[in-house]
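Peer 1: Here it is: the structure, laid out below.
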Amino acid sequence: MATYEYVCRDCGYFDVRLPMGTAPSEYGCATCGHEARRVYSPPNISWVPPALAAAFGREEQSRDTPEVVTTPSPGRRRSQPPHPALARLPRP
Ligand SMILES: [Zn+2]
């Protein structure tokens, strides 16, 4: 089953649950019985994980007022020491 949205010109919006793919372009209004036309709206994706919501908030805020950092991010530090062969390279 899927939820389809219709709008009646007298009563406004209402939802109808029908098997997926069977929604007609017009449906009888549950209140007044007039034909209501189908409307399309984005799926309900209002729930966002808190960590992702916080990241979106920081990203949006940084557009106008970027954060000032004084130390590199811990994620950017090298996890391994440089290769020993790099020490034998000639130095200027
Ligand atoms: Zn109606």
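Every number here is computed from the coordinates shown, using simple stated rules; none is lab data. The model shown is predicted, which means the values in this text are computed figures rather than measured ones. Positions of Cβ are backbone-derived with ideal geometry, glycine not excepted, and every protein chain shown enters the neighbour counts.
Peer 1: Against the longest alpha carbon principal axis of the chain, how many degrees, from 0 to 90 and to the nearest 10, is the axis of helix 50-61 turned?
Peer 2: Once rounded, one gets 80 degrees.
Peer 1: Please give, to one decimal in nm, the separation of the simple spin-label points placed at VAL7 and SER62, each 7 Å out from Cα toward the Cβ.
Peer 2: Simple spin-label model gives 3.8 nm for this pair.
Peer 1: In what sequence, highest mean first, do 58-70, 8-20, 27-39 appear when ranked by Cβ atoms within 10 angstrom?
Peer 2: Working: 58-70: 7.7, 8-20: 11.9, 27-39: 14.0.
Answer by packing, highest mean first, reads 27-39, 8-20, 58-70.
Peer 1: Where nothing but the Cβ of Lys and Arg (+1) and of Asp and Glu (-1) is charged, how large is the charge dipole of the chain around its Cα centre, in debye to the nearest 20?
Peer 2: I would put it at about 1000 debye.
Peer 1: Another question about this same structure. Could you calculate the FRET efficiency of ASP15 with ALA55 from 1/(1 + (r/R0)^6), where r is the beta carbon distance between them and R0 is 22 Å, rounded to 0.05?
Peer 2: Efficiency computed from Cβ-Cβ geometry: 0.10.
Peer 1: Below 15 angstrom from the Cβ of ARG58, what's the summed charge of the other residues (Lys, Arg +1; Asp, Glu -1)?
Peer 2: Every neighbour counted, the sum reads -3.
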